[in-house]
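Read the structure below first, then the notes.
The values are calculated or read from the model by the stated rules, or taken from the named source; none is laboratory data. Because the structure is predicted, anything quoted here is derived from the model rather than measured. Using ideal geometry, Cβ is built from the backbone for each residue, glycine included, and neighbour counts are taken over all protein chains shown. Ligands, DNA and RNA are excluded from the accessible area calculation, which covers all protein heavy atoms including side chains. Shrake-Rupley method; radii C 1.70, N 1.55, O 1.52, S 1.80 Å.
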Number of protein chains: 2
Amino acid sequence: MSRRGWQEVQDELIGRINDGAWPPGTLLPAETALAVELGVARTTVNRALRGLAESGLVDRKRKAGTVVAEHPPARAVLTIPVIRKEVEGQGKTWRHHLLLREAAPAPAPISARLHLPARAPMLHLVALHLADKRPFLLEDRWLNLAALPEAEDVDFHATSPNEWLLAHVPYTTGDLSISAEPAGEDTADLLAAPEGAALLTLDRATWNDGRAITAVRLTYAPGYKMRAAL
Amino acid sequence: MSRRGWQEVQDELIGRINDGAWPPGTLLPAETALAVELGVARTTVNRALRGLAESGLVDRKRKAGTVVAEHPPARAVLTIPVIRKEVEGQGKTWRHHLLLREAAPAPAPISARLHLPARAPMLHLVALHLADKRPFLLEDRWLNLAALPEAEDVDFHATSPNEWLLAHVPYTTGDLSISAEPAGEDTADLLAAPEGAALLTLDRATWNDGRAITAVRLTYAPGYKMRAAL
DNA sequence: CAGAAGAATATGTGCATACATAATCATGGG
DNA sequence: CCCATGATTATGTATGCACATATTCTTCTG
């Protein structure tokens, strides 16, 4: 029945879950048993099950075995590209204006979010990104100078903060919060939106190897949609 | 230097990318070479590299080799739980009201989004979800009756459409679009928000094994923030 | 009978090997 | 010189084996 690969095995298992043969809560056979039944090596079954566990369809615990999840959460992978790439991907011309560049101690909400001591020395950058000369998004960023002293000497007119960071600290972890916010007076003005307009807003904090790097708020112009694959 | 496992190998590789030893665009050594250098089996290097490829840090192609990505996009994993679970996770009481239940042909935008013929027979459901008796989110759903004829006989007063679907078709694929929308008159009323308020809105289309299942729009009450891990 | 010590077991991972597959690269014919 | 074709090569994956590790289950002891 099997012949080809772990994908085939995975499809078979998904099928059994979806058609009700293994309803939520079912303890399913051990890897070794499945391997024998499907005529493949245990490694192959393991690969298939690992995938299902990653996507949340099953829960696995050593010795306890593999159980079909009761409430499999939907997982969507958001891909947040470099801003320039995103604009150019729409066939538009990208530009950016640096509106503010100021070394300043971190205000309380920022230092708290990054788990830094109050008033840690930071670089505050505000940049407006344009697509075909129309406002696209506002980048309001606080950069931790202790982690990135080089930033002090960078010309952010030439390279956007967004892009400079990615080139310098490509691999980061962090968290993200997505919300809809009404446009404040200044923001409305910069994004050419009516005051109070609904704006998609991303708040992001970034660490690298345990060191706080940056906190940023991205405010998109009205009408922007973020897409993700499930 | 190595000793334990693919994670250690992965950390080592991430380190070399992050500290500039392998800048973006670099073609890195073949798996076999890395395996020898790090004193592990190729399988282990492969595991580490596969992880990096999944998170977008490197691009891999057969024969061509592994290249450090030029613009590693940030990837965030959004976990969208069952609505009831989410509300209860905040320590609040969940309830829902079914506001509309109507069999009707799909309007054009819905059938287009699901790649179905125009006016395909569907079930239109609107439900308001409450957290501690306060409006939490509005669920506006179109269900493909051809794929799920059982839905015709379900009492959606007892089980929310959201939850019924998850129990019936646990594993689905689809796409998701996230935006900020101003509250329309009806929506504002139902969510107890001022008209024009900024509301986080999710639009989702769902397939199972190539068959269109449902299209849904979730409109959250003001102030809602969606969180994700990077 | 409670609680600690130990056996049993399912998953997690590493390794060596083999073959599959997709690109690329080199080669030779027109 | 161009292009088709086949050789080369890096990744992709399967397999059998071994051992690690986290739990659970069992049993022994006070």
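Here are some notes:
- For B:Pro109, the conditions (1) in a loop (DSSP other than H, G, I, E, B); (2) under 20 Å from B:Gly174 (Cα atoms); (3) without any contact (Cβ under 8 Å) to a residue 12 or more places away in the chain all hold with the exception of (1).
- Against the conditions (1) under 32 Å from the mean Cα position of the chain (by Cα); (2) open to solvent by less than 50 Å² (accessible area, probe 1.4 Å); (3) within 10 Å of another protein chain (Cβ to nearest Cβ), B:Val77 satisfies every one except (2).
- For B:His129, the conditions (1) within 13 Å of another protein chain (Cβ to nearest Cβ); (2) in contact with a His (Cβ under 9 Å, 6 or more places away or on another chain) are fulfilled apart from (1).
- When restricted to residues that are surrounded by 18 or more Cβ atoms within 10 Å (Cβ to Cβ) and more than 23 Å from the chain's Cα centre (by Cα), the stretch B:80-91 contains 0.
- Every pair of residues 6+ apart whose Cβ atoms lie under 9 Å, when the first sits in the stretch B:35-63 and is open to solvent by 20 Å² or more (accessible area, probe 1.4 Å) while the second is more than 10 Å from DNA strand C (Cβ to nearest atom) and of a type in the set (Val, Ile, Thr): B:Ala53/B:Thr66; B:Asp59/B:Thr66; B:Asp59/B:Val67; B:Asp59/B:Val68; B:Arg60/B:Thr66; B:Arg60/B:Val67; B:Lys61/B:Val67
- Within the stretch B:109-132, tally of residues that are of a type in the set (Gly, Ala, Ser), in contact with a strand residue (DSSP E or B) (Cβ under 9 Å, 6 or more places away or on another chain) and farther than 22 Å from B:Leu191 by Cβ: 3
- Selected residue (criterion: nearest to DNA strand C (Cβ to nearest atom)) from residues of the stretch B:6-22 that are surrounded by 13 or more Cβ atoms within 10 Å (Cβ to Cβ) and in contact (Cβ under 8 Å) with a residue 24 or more places away in the chain: B:Trp6
- Among (1) within 26 Å of A:Ala147 (Cβ to Cβ); (2) away from DNA strand D (no atom under 12 Å from the Cβ); (3) surrounded by 13 or more Cβ atoms within 10 Å (Cβ to Cβ) - the single one B:Leu28 does not satisfy: (2)
- Scope the stretch A:47-81; condition more than 13 Å from DNA strand C (Cβ to nearest atom) and among the charged types (D, E, K, R); matching residues: A:Glu70, A:Arg75
- Qualifying residue in the stretch A:153-162 (condition: in contact with a Ser or Thr (Cβ under 9 Å, 6 or more places away or on another chain), over 27 Å from B:Ser177 (Cβ atoms) and either among the hydroxyl-bearing types (Ser, Thr, Tyr) or open to solvent by 10 Å² or more (accessible area, probe 1.4 Å) (or both)): no
- Of the strands (runs of 3 or more DSSP E) that lie entirely inside the stretch B:9-88, those containing 2 or more residues that are at pLDDT 95 or above and over 30 Å from B:Phe136 (Cβ atoms) span B:58-61, B:65-68.
- Within the stretch A:158-175, residues that are more than 9 Å from chain B (Cβ to nearest Cβ) have Cβ atoms under 8 Å from residues that are open to solvent by less than 20 Å² (accessible area, probe 1.4 Å) and part of a loop (DSSP other than H, G, I, E, B) in these pairs: A:Asn162/A:Val82; A:Trp164/A:Phe156, counting only partners at least 6 apart in sequence or on another chain.
So that you can scan it fast, the table gives a plain yes or no per residue for (1) within 14 Å of DNA strand D (Cβ to nearest atom); (2) touching a helix residue (DSSP H, G or I) at 6+ places or on another chain (Cβ under 9 Å):
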{"position": "A:Leu13", "(1), (2)": "yes, yes"}
{"position": "A:Asp19", "(1), (2)": "no, no"}
{"position": "A:Leu49", "(1), (2)": "yes, yes"}
{"position": "A:Lys61", "(1), (2)": "yes, no"}
{"position": "A:Ala76", "(1), (2)": "no, no"}
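- On inspection, A:Ser177 fails the criterion of being open to solvent by less than 40 Å² (accessible area, probe 1.4 Å), of a type outside the set (A, V, I, L, M, F, W, C) and in a helix (DSSP H, G or I).
- Residues of the stretch B:101-119 satisfying the condition of being open to solvent by 10 Å² or more (accessible area, probe 1.4 Å) and more than 23 Å from the chain's Cα centre (by Cα): B:Arg101, B:Glu102, B:Ala103, B:Ala104, B:Pro105, B:Pro107, B:Ala108, B:Pro117, B:Ala118, B:Arg119
- Of residues in the stretch A:209-223 being in a strand (DSSP E or B) and of a type in the set (D, E, K, R), the one most open to solvent (accessible area, probe 1.4 Å): A:Arg211
- Restricting attention to the stretch B:193-208 and to residues that are more than 8 Å from chain A (Cβ to nearest Cβ) and in a loop (DSSP other than H, G, I, E, B), the residue that is most open to solvent (accessible area, probe 1.4 Å) turns out to be B:Glu195.
- Cβ pairs under 6 Å, 6+ apart, first in the stretch A:201-224 and free of Cβ contacts under 8 Å to residues at least 60 places away in the same chain, second surrounded by 21 or more Cβ atoms within 10 Å (Cβ to Cβ) and hydroxyl-bearing (Ser, Thr, Tyr): A:Thr201/A:Thr219; A:Thr206/A:Thr214
- Subset of the stretch A:29-46 (residues that are more than 7 Å from DNA strand C (Cβ to nearest atom) and in contact with a Gly (Cβ under 9 Å, 6 or more places away or on another chain)): A:Pro29, A:Val40, A:Thr44
- Any hit, the stretch A:127-134, residues being open to solvent by 10 Å² or more (accessible area, probe 1.4 Å), under 18 Å from the mean Cα position of the chain (by Cα) and in the same structural domain as A:Tyr224 (by TED's automatic domain parsing): no
- Of the listed requirements (1) free of Cβ contacts under 8 Å to residues at least 40 places away in the same chain; (2) in contact with a Lys or Arg (Cβ under 6 Å, 6 or more places away or on another chain), B:Thr79 misses just one: (1).
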